[in-house]
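Novice: My questions will all concern the structure given below.
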Amino acid sequence: MRVVRTVRNDGTFPGVDIGTVLVRRGAVGFVRDVGTFLQDQLIYSVHFVDDNVMVGCREEELLAEDEPWTWNVFEFRDKVCPRIPLGIQGEVIADTDTVGEIEKILRDEPEAGKVTYHVRFSGRTLMVPEGALVAAAETSAGEEV
């Protein structure tokens, strides 16, 4: 299986500080066990051999190793700004200095290498292509804000 997002310690991995990266997105491992959390969520115990670590992953965090994989720049909860003003029917929702947060990564067309995101700007969620976003700590010229 391939993990589709970077997995950090949420406090359930002993001996490692909270927030420490355990496995980077794109890493490949194999399922050792399947359990449940709160009786309604499947949790897969995945052993990532190259990292020598076993972590619990939800189904939506995993892809079969042979499924098409497209690398993405941003991850869930990353702070971003649009490269250009974004709007709906002529109303600007997010200007280039508006900070938003990634809510979801969409890889609907992995063969085309296209990644889009659901991004929350000022209480509104927009679907934005990857090329229209920059990290919130950067301006479109790449300078620190």
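Values quoted throughout were computed directly from the atomic coordinates according to the rules given, and no laboratory measurement underlies them. Just so you know, these numbers come straight off a predicted model, no measurement behind them. Heads up, the Cβs are rebuilt from the backbone with ideal geometry, glycines too, and the neighbour counts pull from every protein chain shown.
Novice: Length gain on complete extension for the stretch residue 103 to residue 91, per 0.36 nm per residue less the alpha carbon to alpha carbon distance?
Specialist: Roughly 2.2 nm would be gained on extension.
Novice: Between residue 38 and residue 10, with labels modelled 7 Å along Cα→Cβ, what's the label distance in nm to one decimal, could you check?
Specialist: Taking the simple label geometry, residue 38 and residue 10 are separated by 0.9 nm.
Novice: At residue 45 and residue 132, where each label point lies 7 Å from the Cα along Cα→Cβ, what is the point-to-point distance in nanometres?
Specialist: Each label point lies 7 Å from its Cα, and together they span 4.4 nm.
Novice: Which three extents, in angstrom, do the Cα atoms of the chain have along their principal axes, listed largest first?
Specialist: Each principal axis gives a Cα extent; for the chain these are 51, 34, 31 Å.
Novice: Provide the percentage of antiparallel DSSP beta bridges, counting only those with both residues in the stretch 79-135; round to the nearest 5.
Specialist: 100
Novice: Can you work out the base-10 log of I(q)/I(0) for the stretch 2-63 at q = 0.18, 0.29, 0.30 1/Å, using the Debye formula on its C-alpha atoms alone?
Specialist: Rounded to two decimals, the profile gives -0.60, -1.36, -1.40.
Novice: Kindly provide log₁₀ I(q)/I(0) values, in the same order as q = 0.17, 0.19, 0.24 Å⁻¹, from the Debye equation applied to equal alpha-carbon scatterers of the stretch 79-135.
Specialist: Cα-only, vacuum Debye calculation for the stretch 79-135: -0.49, -0.61, -0.91.
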